[in-house]
Amino acid sequence: MFDAASGLWGPLWANDAGASIAVLALLVALLIDHCWGEPPVRWHPVVWIGHALAWASQRWAPTRASTGPDWHSFARFALFWCVLALLVSLAYAGLQTATLHYAAQVGQAWLSSSLAALCLGVWLKPLFSWRMLRSEVQAVEAALGQSLEAGRARLAWLVSRDVTTLDAVQVRESAIESLAENLSDSVIAPLFWFLLAGLPGAALYRLANTADAMWGYPGWRGHGQHARYWQWAGKWAARADDVLSWLPARLTALLLGLAAAGVPWRSLAQQARQTPSPNSGWPMAAMALALQIRLGKPGVYQLHPAGYLASASHSAQACHLAARAVGLACLLVLCLACLWAF
C-alpha cells in the first residue's frame, strides 16, 4: 500500500507502490491524450494560467521602452510569477494529496493503486500536449498543399515569428522546428517534472513555460494600444523557464537521437549552440541532424546548413520521429520502474 501522506509534494517513487502509480498515471495520461486530446478550453488549467498572466500583462506591463534597467517592472512581474507559481503548486499538491488519500481508503491494494493512477493520469493530461502538437504540424503541411498563403496562415497559429515573408520551404522548416522545440516544452518536460516532483512539478513547469511564451521575448509584443515592452518585465519568466527546461531539452535531444539511431553527438552540441536560446537549439538540432535537413530562422540562425531542403516527406518523417521519441521515453520509464521494483 502506498503512503498518501508522502504525496503532498515530490516524487511518487517513495516506495514500490508509488513508483507503479507514477508510471501507470503517465500511461493513462498518454492514453487520454491519444484518444481525446485536449479538454474543453473553459476547463483547461493551462488556459486559466494564461488568463492570469494576461491579466497582469494588461495592467502592469510597460507601454514605453525604457532607456536603462527597469528594476520596477522586473520586480513586479517576478513577484507575480512567484505568487502564481506558489498558488498553482499548492493547488496541485492538494489535488495530488487528496487523490492519494481517498484512493488509499479502498480496501484492496491493487484497486487503490489503480484508482490513484487513473485519477492522477486524468489530472496530469492537461499539463502536456502531444496529440495537438502533432496535429498542428500536420495541419501546416496540409495547408501548404493548398497554397503558400494558407500554409503561412496556419503556421501563424504555431509560432510567434513573422510568417508573411516566408517561402514554402521556410514555412515547413518553421513547423518542424516548432515540433522539435515543443516536443520538449509541451511533452517531455512536463512528464519529466511529473516523475521528479509529482503533479505540482508538472504544473509549475507549465506555468513557467506559458509565462515565458507570453512574457519572455525581449522587446515589443502586440500592436497599437495593446503593445507592451518586455525587455525587463519578462526577464524573470525567461530565466525561470531556461532553468526548468535545461535538462528536459537535452533529454529530448537524446531521445530523438536514439529514435533516429544515427545522430552525430559532437555535431549536435555544436549545432545547438547556434541558437540564441540555451535550450531550444538541442531538440531542433537533433531533429535537423536526424532527418539530414536544414532548419533555421531567417537572419538569426541556421542549423545543419549542409542538409537537404525540407520537403513534405520530411514533415511526415519528423512527426514519426517525434512519436518514436515519445514511445522511447515511455519505454525508458517502464524500465526504470522495473529496476526500482527489483
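The values are calculated or read from the model by the stated rules, or taken from the named source; none is laboratory data. Predicted, not measured: the structure shown is a model, and the values here were computed from it. Because the Cβ atoms are built from the backbone with ideal geometry, glycine has one as well, and the counts that use them run over all protein chains shown.
Would you check if PRO190 is crowded, with 24+ Cβ neighbours inside 10 Å and more than 19 Å from GLN302 (Cα to Cα)?
Yes; evaluated as a whole, the condition is true for this residue.
Determine which single condition GLU149 fails, assuming it passes every other condition in (1) assigned to a helix (DSSP H, G or I); (2) among the charged types (D, E, K, R); (3) surrounded by fewer than 19 Cβ atoms within 10 Å (Cβ to Cβ); (4) in contact with a Pro (Cβ under 9 Å, 6 or more places away or on another chain).
Failing condition for GLU149: (4).
Can we say ALA227 is of a type in the set (Gly, Ala, Ser) and within 30 Å of SER66 (Cα to Cα)?
So ALA227 fits the description; yes.
Pick from the stretch 227-247 the residues that are surrounded by 20 or more Cβ atoms within 10 Å (Cβ to Cβ) and among the small types (Gly, Ala, Ser): which of them is nearest to ALA286 (Cα to Cα)?
Only one residue tops the list, namely SER245.
I need the full set of residues from the stretch 274-301 which are modelled with pLDDT of 95 or more and among the hydrophobic types (A, V, I, L, M, F, W, C), in order please.
TRP282, MET284, ALA285, ALA286, MET287, ALA288, LEU289, ALA290, LEU291, ILE293, LEU295
Mind telling me which of the residues ARG250, ARG273, ARG266 ends up being crowded, with 17+ Cβ neighbours inside 10 Å and of a type outside the set (Gly, Ala, Ser)?
The unique qualifying residue is ARG250.
Take the residues in the stretch 254-284 that are small (Gly, Ala, Ser) and free of Cβ contacts under 8 Å to residues at least 60 places away in the same chain; name whichever of them is nearest to ASN182 (Cα to Cα).
The residue in question is GLY281.
Give me the pairs, please: first residue somewhere in the stretch 314-332 and of a type in the set (S, T, N, Q), second residue anywhere and assigned to a helix (DSSP H, G or I), beta-carbon distance under 7 Å, and either six or more positions apart or on two chains.
As it stands, the answer is SER315/VAL137; SER315/GLU141; SER315/ARG172; SER315/ALA175; SER315/ILE176; GLN317/LEU291, since those pairs meet every condition given.
When you go through ALA306, ALA318 one by one, which is the residue that is in a helix (DSSP H, G or I) and not hydroxyl-bearing (Ser, Thr, Tyr)? Reasoning before the result, please.
Values: ALA306 fails: in a helix (DSSP H, G or I).
Within the list ALA306, ALA318, the selection yields ALA318.
Give the stretch 130-153 a look and list any residue that's among the acidic types (Asp, Glu) and either within 15 Å of SER315 (Cα to Cα) or in contact with a Phe, Trp or Tyr (Cβ under 7 Å, 6 or more places away or on another chain) (or both), or say none.
GLU136, GLU141
Taking the options ALA116, ALA180, name whichever one is crowded, with 22+ Cβ neighbours inside 10 Å, of a type outside the set (Phe, Trp, Tyr) and over 22 Å from the mean Cα position of the chain (by Cα).
The conditions single out ALA116.
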